[in-house]
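Notes to accompany the following structure.
The values are calculated or read from the model by the stated rules, or taken from the named source; none is laboratory data. Note that the structure is a prediction, hence the values are computed from the model and not measured. Ideal geometry is used to build each Cβ from the backbone, glycine not excepted, and the neighbour counts take in all protein chains shown. Accessible surface is based on the protein model in full, side chains and every heavy atom, while ligands, DNA and RNA are left aside. Shrake-Rupley method; radii C 1.70, N 1.55, O 1.52, S 1.80 Å.
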Amino acid sequence: AFLQAELAEKNITRLADLTPRQPGRYLWQGDITTLAVDAIVNAANRQLLGCFVPCHGCIDNAIHSAAGMELRQACAQLMARQGHEEPTGQAKLTPGYHLPCRYVLHTVGPIITGPVTRRDQALLASCYRACLALAEAHGLASVAFCCISTGEFHFPNQEAAEIAVRTVREFLEQQTTSVERVIFNVFKDLDAAIYRRLLGPD
């Protein structure tokens, strides 16, 4: 009841409120937990159980906090059936519970501890492809991506955005029949400026 009341007080953003920058591709700066789309993407840890640091400012914590305990329980069931930590570059789908989105796509991005390698680049691209393929498999039409791996996992923002935009473009042009709209959700001004350059002006 508390989460439903909290949601009712938020300003919910819908696709109809957004203007595409390229066919089927949008840029939106704000709180991803207020997006009413088919699915939002969570940059998860390998345990897939939400952030373990109370009140931490990461997107994993924000999504789990807004979705409610049912999300962690659903993730725990997925992981129990899987029997091992989630590999980098794959994706899992759960309901959105108390979020305005229908589903959450959970993906584990590469952690950068030195220079970015080709493997890091390939794994990040795989995160985007895996989420889109899973959305496609479930007949979803709209997906909102956060900036995977650029926060606590330290992937350089510019390079990560280039990989995201390129991978999404390739998928939409070649592979999809259900996914029609992809929203690049950013929170920081830095990322907003990068995506504006990559996607073109308003």
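How much length is gained on full extension from GLU170 to ASN61, taking 0.36 nm per residue of separation minus their Cα-Cα distance?
36.2 nm
Take every DSSP beta bridge with both residues inside the chain and express the antiparallel ones as a percent of the total, to the nearest 5.
If we restrict to bridges inside the chain, about 20 percent are antiparallel.
Ignoring ligands and nucleic acids, what accessible area does CYS147 show with a 1.4 Å probe (Å², nearest 10)?
Surface open to solvent at CYS147 totals about 30 Å².
Quick one: pull the percent of accessible area on the chain belonging to carbon and sulfur, 1.4 Å probe, ligands and nucleic acids left out.
52 percent
Given R₀ = 22 Å, FRET efficiency for ASP189-ARG119 by Cβ-Cβ distance, to 0.05?
0.15
With +1 assigned to the C-beta of every Lys and Arg and -1 to the C-beta of every Asp and Glu, and no other charges, what is the dipole magnitude of segment 62-186 about the Cα centre in debye, to the nearest 20?
With only Lys, Arg, Asp and Glu charged at Cβ, the dipole is about 160 debye.
Going from most exposed to least, what order do TYR26, TYR97, TYR103 have by accessible area with a 1.4 Å probe?
TYR97, TYR103, TYR26
Calculated from DSSP H runs of 4 or more alone, at -39500 (n - 2.57) each and per residue, what is the 222 nm mean residue ellipticity of the chain, nearest 500?
Helix-only estimate at 222 nm: -12500 deg cm²/dmol.
Compute the FRET efficiency between HIS84 and GLN158 as 1/(1 + (r/R0)^6), taking r as their Cβ-Cβ distance and R0 = 35 Å, and round to the nearest 0.05.
0.60
Just going by the charge dipole of the chain, with Lys and Arg at +1 and Asp and Glu at -1 on Cβ, which of ALA133, ILE32, ILE59 is farthest out on the positive end?
Working it through, the farthest residue towards the positive pole turns out to be ALA133.
Heavy atoms only, 1.4 Å probe, whole protein assembly: order ARG21, ARG181 by accessible area, highest first.
Ranking ARG21, ARG181 by accessible area, largest first, yields ARG181, ARG21.
Put +1 on the Cβ of each Lys and Arg and -1 on the Cβ of each Asp and Glu in the chain; which of ALA144, VAL168, GLY68 then has its Cα farthest toward the positive end of the dipole?
VAL168
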